[in-house]
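Trainee: Could you have a look at this structure, given as structure tokens, before my questions?
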Amino acid sequence: MEKIALITGASKGIGKALAEVFARNGYSLLLVARSTAELTQIQTDLKTKYQCESKILSVDLSQPESVDTIMNTFKDEISRLDVLVNNAGFGAAKKFTDMTAEEVSGMVEVNIAALTRLTYKVLPFMTARKSGKILNLASTAAFAPGPYMAVYYASKAYVLSFSQALHEEYRKDGVTVSALCPGLTTTEFHARAGTDKTYLFSGIMLAMTAEKVAEIGYNGLMKQRRVIISGIMNKMAIFMMWLTPSFLLVKATALLDRPKNS
């Protein structure tokens, strides 16, 4: 029987790596991102390497109507969807009021609202079949406040909390909801966010490859884990966050995420 996975933010980084992992494991794919050219190239590559059947959709998830576009475009597959991966997201390393209003609203829309809407639309189909898995991209940032990346950290805290709550609500309905929490990862995310110009990139934390994060995420999802933390170093970092008083934790994250030129 055909297995189908829908992945947002599939054109780069962890999303692209996840598409390859799912393709390698025999899934047909529904790939969503903004760039048609990049999606087309990934579609071709996955077909060549894994004989993977896929459909692509170029859509901007910062637009509220984007989720309806996804549902309408893939209406024949959504009712049979086995896995939803809410991977799309972005950040910005700036003081809050140095962000534009468009950056703030766009980040909330992509990181929180679109993820929530798509989950809301897909879940009834999975519960009706008593089968399905949802993987939401959170972050180790979800475990701390984030001065100079306040909206991004808060959005990932939402994703972590939301995913854990849904995991408990729907596990008896045959649906697993998991939060993947990667730490520092070598992707284009950091150049776009500006975090490559922060002290976080000064060798304090070792970066993991997107491919490794994707493998860990996939394996954790298949094992129905509620929270998936990528790598022992990130697990240790989160443990230290739990032990650190909040007034010290916020100062530590401010030091790491503050742009070097500010």
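Trainee: Which residue is surrounded by the most Cβ atoms within 10 Å (Cβ to Cβ), if the candidates are limited to the stretch 223-251 and must be in contact with a Ser or Thr (Cβ under 7 Å, 6 or more places away or on another chain) and within 18 Å of MET149 (Cβ to Cβ)?
Mentor: ASN234
Trainee: Is it true that some residue in the stretch 71-79 is of a type in the set (A, V, I, L, M), modelled with pLDDT of 95 or more, surrounded by 14 or more Cβ atoms within 10 Å (Cβ to Cβ) and within 17 Å of the chain's Cα centre (by Cα)?
Mentor: no
Trainee: Which condition from (1) surrounded by fewer than 23 Cβ atoms within 10 Å (Cβ to Cβ); (2) within 15 Å of ALA88 (Cα to Cα); (3) among the β-branched types (Val, Ile, Thr) is the one that THR127 breaks?
Mentor: Result: THR127 passes all but (2).
Trainee: Please go through the stretch 94-121 and pick out each residue that is surrounded by 16 or more Cβ atoms within 10 Å (Cβ to Cβ), farther than 24 Å from ALA214 by Cβ and among the small types (Gly, Ala, Ser).
Mentor: GLY106, ALA113
Trainee: If you check every pair at least six apart or on different chains, which have Cβ atoms under 6 Å apart with a residue in the stretch 204-225 that is more than 20 Å from GLY9 (Cα to Cα) first and a residue that is at pLDDT 95 or above second?
Mentor: GLN224/THR176; ARG225/SER178
Trainee: Now for a separate question. Restricting to the stretch 219-262, and then to whatever is assigned to a loop (DSSP other than H, G, I, E, B), in contact with a strand residue (DSSP E or B) (Cβ under 7 Å, 6 or more places away or on another chain) and closer than 24 Å to ALA93 by Cβ, can you tell me which residue is modelled with the lowest pLDDT? Please lay out each step first, then the result.
Mentor: Within the stretch 219-262, the subset assigned to a loop (DSSP other than H, G, I, E, B) is 223-226, 230-231, 244-245, 258, 260-262.
Next cut, in contact with a strand residue (DSSP E or B) (Cβ under 7 Å, 6 or more places away or on another chain) only: 224-226, 230-231, 258, 260.
Next, only the ones that are closer than 24 Å to ALA93 by Cβ stay: 230-231, 258, 260.
Details: SER230: 91, GLY231: 85, ARG258: 78, LYS260: 61.
Once the filter is applied, the top-ranked residue is LYS260.
Trainee: Pull up the stretch 164-192, narrow it to residues that are under 24 Å from ASP257 (Cβ atoms) and β-branched (Val, Ile, Thr), then point me to the one that is modelled with the lowest pLDDT.
Mentor: Only one residue tops the list, namely THR187.
Trainee: Step by step: first the residues of the stretch 120-163, then only those that are in a loop (DSSP other than H, G, I, E, B) and among the aliphatic types (A, V, I, L, M), then the one that is modelled with the highest pLDDT. Which residue is that?
Mentor: Taking the stretch 120-163 as the starting set, the residues that turn out to be in a loop (DSSP other than H, G, I, E, B) are 130-131, 138-139, 144-149.
Going one step further and asking which of them are among the aliphatic types (A, V, I, L, M), we end up with 138, 144, 149.
Details: ALA138: 97, ALA144: 93, MET149: 94.
Among residues in the stretch 120-163 that are in a loop (DSSP other than H, G, I, E, B) and among the aliphatic types (A, V, I, L, M), the one modelled with the highest pLDDT is ALA138.
Trainee: Within the stretch 196-213, identify whether any single residue is modelled with pLDDT under 85, surrounded by 16 or more Cβ atoms within 10 Å (Cβ to Cβ) and on the phi > 0 side of the Ramachandran plot, and answer yes or no.
Mentor: Within the stretch 196-213, not a single residue is modelled with pLDDT under 85, surrounded by 16 or more Cβ atoms within 10 Å (Cβ to Cβ) and on the phi > 0 side of the Ramachandran plot.
Trainee: Next question. Restricting attention to the stretch 229-251, report how many residues are of a type outside the set (Phe, Trp, Tyr) and without any contact (Cβ under 8 Å) to a residue 60 or more places away in the chain. Quick ask: steps written out before the conclusion?
Mentor: We begin by selecting, within the stretch 229-251, every residue of a type outside the set (Phe, Trp, Tyr); these are 229-238, 240-241, 243-246, 248-251.
Checking the rest, the ones that are also without any contact (Cβ under 8 Å) to a residue 60 or more places away in the chain come to 230-233, 235-236, 240, 243-245, 248, 251.
Total meeting the criteria: 12.
Trainee: I want to confirm something. Restricting to the stretch 31-42 and keeping residues that are under 20 Å from the mean Cα position of the chain (by Cα) and surrounded by fewer than 24 Cβ atoms within 10 Å (Cβ to Cβ), which single residue is nearest to SER139 (Cα to Cα)?
Mentor: First pass over the stretch 31-42, keeping only residues under 20 Å from the mean Cα position of the chain (by Cα): 31-36, 38-39, 42.
Still in the running and surrounded by fewer than 24 Cβ atoms within 10 Å (Cβ to Cβ): 34-36, 38-39.
Numbers: ARG34: 22, SER35: 24, THR36: 27, GLU38: 24, LEU39: 24 Å.
By that ranking, first place goes to ARG34.
The values are calculated or read from the model by the stated rules, or taken from the named source; none is laboratory data. Note that this is a predicted model, so its numbers are computed, not measured. Don't worry about glycine lacking a Cβ; one is built from the backbone with ideal geometry, like all the others, and counts go over all protein chains shown.
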